[in-house]
There are 2 protein chains.
Amino acid sequence: MNISIQVSSTLYLKDPTSSEIGLKILTEGIQLMQDLGFEAFTFKKLAQNIHSTEATIYRYFENKHHFLLYLINWYWGIISYRLLLATTNVTDTKQQLTNSIAVLTGLPDSSHPGYIAEEVQLKQIVIHESGKALHTKMVDDENQNGIYLNYKSIVSTVAELVKTIDPSFPYPEMLISNLIENANHQRFFSVHLPRLTNTSTEQDAVEAFSHLIIQKVLQS
Amino acid sequence: MNISIQVSSTLYLKDPTSSEIGLKILTEGIQLMQDLGFEAFTFKKLAQNIHSTEATIYRYFENKHHFLLYLINWYWGIISYRLLLATTNVTDTKQQLTNSIAVLTGLPDSSHPGYIAEEVQLKQIVIHESGKALHTKMVDDENQNGIYLNYKSIVSTVAELVKTIDPSFPYPEMLISNLIENANHQRFFSVHLPRLTNTSTEQDAVEAFSHLIIQKVLQS
DNA sequence: CATTTTCGATAGTAATACTATTATTTTTGT
DNA sequence: ACAAAAATAATAGTATTACTATCGAAAATG
C-alpha cells in the first residue's frame, strides 16, 4: 500500500488503514471533501456514500476537523517522501534545492518516481481547505500534539539547503514556507481570481516564479 | 466617520453605518469575531452582547459569512485609502512601490496618516479568518458580484508600479498577491508556528523580507 | 469454537442557522 | 405636535448539524 507514508496517530481514534471500511472512509471521504468542501461535508453524508453509519466513522475519527487534519497530514507525508526521492543521490546542494522547489511548487505528475494515486486529490483539498484546518483556536494545542511536524520538518529540511547555499540569507524558513503557501494560493487564484496572478503566460508559471525567486534572492 | 472607506453594498441588507445599532453590530461584531473566531461566532451571541436580538442583526446581514466578507472588504478599503495616501505626491515610482509594500506588509501603526481605529482589529480578522471567507464553493458567484474588487484593485494598482519599474518582469500580479498573502501568513506563523518563519531576527522581518524580495527580483 | 472486537441500526440531545409573527418603540414628514 | 411609516424587541418555531448512547448482529481472532 502507501509504504512509508506516516500520519500522526493523534489524528485518528482507530487507524483507518487497518480495515476495509477504514480505507473506504478515506477514499470516499477524500472524494466527498473535494466535491462538497469542508463546510458542507458531514459524516452522515459520508456514511451514506459508503453504505455505513455515522457511528462507525466516529469510531475512526473524533470529528470532521480531525478527518481533514488527517488528510492534510497524509498529503505532507507524501510530499516528504517525494522530497526524499528528489534529493537522494543528488550531490550538488543547489540541484537538491531546485528539485525540492519543483516538488513543493510544481504540479503533481503521475510519471514522477514514487507516485501515489491520492496525491492529486489531496493536493486539491490542501489548496482549498487547509486554511480552515490551521486557522483555528486549537492551533496551539494541535501543534503541541505534533500535528504539524510533517509540515515543519519539510520547511526545516529545505531551509537547511538554503542555509548551506547562502549562509548570509536572513530568512530561510520564511522563504520556504512562503514559496509553499504561495504555490497553493496561486493555484487557487488562477482558477477563481485570475486577475491576482499571471498563469496564462507559460506552462507552469507558479513553479517558474518560485525558481526565479530562489535564483534571484540567494547568493552563491 | 470613516470617510471614503467604501464597502460593496452587495454585502449587507441594510447599511450598518446608517444607524446606531448598525454601528454597534460592527464594533461589537469585530470584537466578538476576534475573541471567538469565525466558527464559534454566532449572531445570537452578538445579539446578546449588544443587548438586541438575532432578528435585528439578520436585517443588516444575510448571515455570518456575509458579515465576515463585510469586515474583510472594509479592511481592504482602509488599505486602499492608505495606499493612496502613501503614494500621492511621491514622484519616484520606485519610492511609490516601496511605500506601497510598507503599507501592505508592515504592521499598522497609529501614527501613520489617515489612521483608522478599527484597522488593527480588522487586520487580525483578515489574518485569521479570510481563508474561510475565500475558500468557499461560492467564490465564483461572489467574485462576479464584485466582492473582491477592493482587493483586486489593490493588487492591480501595485502591480502597475512593478510593470513601470521593470517591464520585463513576467509575474507582477503574482509577486504582489504573494507578498500580501505572505505577510499575513507569516504573522500568523510567528505567533503559532514560529519554526516556519524568522521573525525573532529584527524589528519587522516580514516587511524587511518583502522589501528584499522586491529589490532582488526587479531590475531597474 | 468461544470470545473479543467491530459494525449496523436506531434513538436522542444540544446547538446552530436561520424564518415568521406580532407588539412596541423610534423616526420621519408635515 | 402628530399621524404614518419604519425599525426593533420578544418570542416561537424549524431543519440541520455534530455529536453520544445503546444494543444486537456479524466478523475476526486466538
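From (1) buried (at least 21 other Cβ atoms within 10 Å of the Cβ); (2) part of a loop (DSSP other than H, G, I, E, B), pick out the condition that doesn't hold for A:Pro167.
(1)
Here is a list: B:Gly22, B:Gly106, B:Gly29. Which entry is small (Gly, Ala, Ser), away from DNA strand D (no atom under 16 Å from the Cβ) and more than 14 Å from every other protein chain (Cβ to nearest Cβ)?
Every option except B:Gly106 fails the conditions.
Identify all residues within the stretch A:204-220 that are assigned to a helix (DSSP H, G or I) and among the polar types (S, T, N, Q); write none if there are none.
A:Ser210, A:Gln215
Among the numbered conditions (1) touching a residue at least 24 places away in the same chain (Cβ under 8 Å); (2) touching a helix residue (DSSP H, G or I) at 6+ places or on another chain (Cβ under 7 Å), tell me where B:Asp166 comes up short.
Every listed condition holds for B:Asp166 apart from (2).
Do we find a residue being surrounded by fewer than 21 Cβ atoms within 10 Å (Cβ to Cβ), in contact (Cβ under 8 Å) with a residue 24 or more places away in the chain, part of a loop (DSSP other than H, G, I, E, B) and among the charged types (D, E, K, R) anywhere in the stretch B:182-203?
Checking the stretch B:182-203: not a single residue is surrounded by fewer than 21 Cβ atoms within 10 Å (Cβ to Cβ), in contact (Cβ under 8 Å) with a residue 24 or more places away in the chain, part of a loop (DSSP other than H, G, I, E, B) and among the charged types (D, E, K, R).
Keeping to the stretch A:168-220, report how many residues are acidic (Asp, Glu), more than 16 Å from the chain's Cα centre (by Cα) and within 7 Å of chain B (Cβ to nearest Cβ).
1
Working only within the stretch A:127-161, note down all residues that are in contact (Cβ under 8 Å) with a residue 40 or more places away in the chain, away from chain B (no Cβ under 11 Å) and either part of a loop (DSSP other than H, G, I, E, B) or of a type outside the set (S, T, N, Q) (or both).
A:Asn145, A:Gly146, A:Val158, A:Leu161
For a quick check of your reading: which helices (runs of 4 or more DSSP H) sit entirely within the stretch A:1-95 and have at least 3 residues that are within 12 Å of DNA strand C (Cβ to nearest atom) and of a type in the set (A, V, I, L, M, F, W, C)?
A:20-40, A:43-49
Could you please find all residues in the stretch B:108-122 being part of a helix (DSSP H, G or I) and free of Cβ contacts under 8 Å to residues at least 60 places away in the same chain?
B:Glu119, B:Val120
Six or more apart or on different chains, Cβ under 6 Å: which pairs go from a residue in the stretch A:46-65 that's farther than 12 Å from A:Ile21 by Cβ and more than 14 Å from every other protein chain (Cβ to nearest Cβ) to one that's among the basic types (Lys, Arg) and within 10 Å of DNA strand D (Cβ to nearest atom)? Could you list them?
Taking only residues 6 or more apart or on different chains, the pairs are A:Glu54/A:Lys44.
Does B:Tyr70 satisfy the condition of being at pLDDT 95 or above, more than 12 Å from DNA strand D (Cβ to nearest atom) and away from every other protein chain (no Cβ under 14 Å)?
It is true that B:Tyr70 is at pLDDT 95 or above, more than 12 Å from DNA strand D (Cβ to nearest atom) and away from every other protein chain (no Cβ under 14 Å).
Taking the stretch B:32-49, which residues are near DNA strand D (Cβ under 10 Å from one of its atoms) and crowded, with 17+ Cβ neighbours inside 10 Å?
B:Ala47
Name the residues in the stretch B:56-65 that are out of contact with any helix residue (DSSP H, G or I) (no Cβ under 8 Å at 6 or more places or on another chain) and either near DNA strand D (Cβ under 8 Å from one of its atoms) or at pLDDT below 95 (or both), would you?
B:Arg59
Within the set of pairs 6 or more residues apart or between chains, which connect a residue that is without any contact (Cβ under 8 Å) to a residue 40 or more places away in the chain inside the stretch A:12-36 to a residue that is away from DNA strand C (no atom under 13 Å from the Cβ) and not in a helix (DSSP H, G or I) with Cβ atoms less than 6 Å apart?
A:Leu32/A:Phe41
The values are calculated or read from the model by the stated rules, or taken from the named source; none is laboratory data. All of these numbers come straight from a predicted model, not from anything done at the bench. Methodologically, a virtual Cβ is constructed for each residue, glycine included, from the backbone with ideal geometry; neighbour enumeration extends over all protein chains shown.
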